[in-house]
Amino acid sequence: MTRNKDFLEPNCKGCKYLYTCGGCRDRAYNYYKNIFAPDPGCIINRNYWLKLQNDLRKGYDLR
Ligand code: SF4
């Protein structure tokens, strides 16, 4: 199931590099507890990374 990229969520879903990249599923799970979430380590997902930083500063639960 993790090899099927059709299950991924935006921004990875819809990305022009989806089938050559697909993002790091371990990193997505580590930050979102969801293997289909966007990879926040990718520059295309910078907005997700910035939101994570804000949430971490506030001490929010990231799930
Ligand atoms: S990690 Fe980045 S480049 Fe790779 S599929 Fe996701 S958005 Fe696209």
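Every read-out reported here was derived from the displayed coordinates using simple, explicitly stated rules and does not represent laboratory data. Treat the numbers as computed from the prediction; the structure is a model and nothing was measured.
Taking 0.36 nm per intervening residue step and subtracting the Cα-Cα distance, what contour gain separates Arg27 from Leu50 on full extension? Could you put the intermediate results ahead of the total?
Working: separation 23, 0.36 × 23 = 8.28 nm, distance 1.51 nm.
Length gained between Arg27 and Leu50: 6.8 nm.
Could you state the angle between the C-alpha long axis of helix 46-58 and the longest principal axis of the C-alpha atoms of the chain, as a value from 0 to 90 degrees rounded to the nearest 10?
Between helix and principal axis, roughly 30 degrees.
Using only DSSP helix segments of four residues or longer, with each worth -39500 (n - 2.57), what per-residue ellipticity at 222 nm results for the chain after dividing by its residue count and rounding to 500?
Numbers: 2 runs with 21 residues, N = 63.
That comes out to -10000 deg cm²/dmol.
Calculate the all-directions average of the projected area of the chain's alpha-carbon convex hull, and give it in nm². Could the numbers behind the result be given before it?
Working: hull surface 15.8 nm².
Its Cα hull, projected and averaged over all orientations, spans 4.0 nm².
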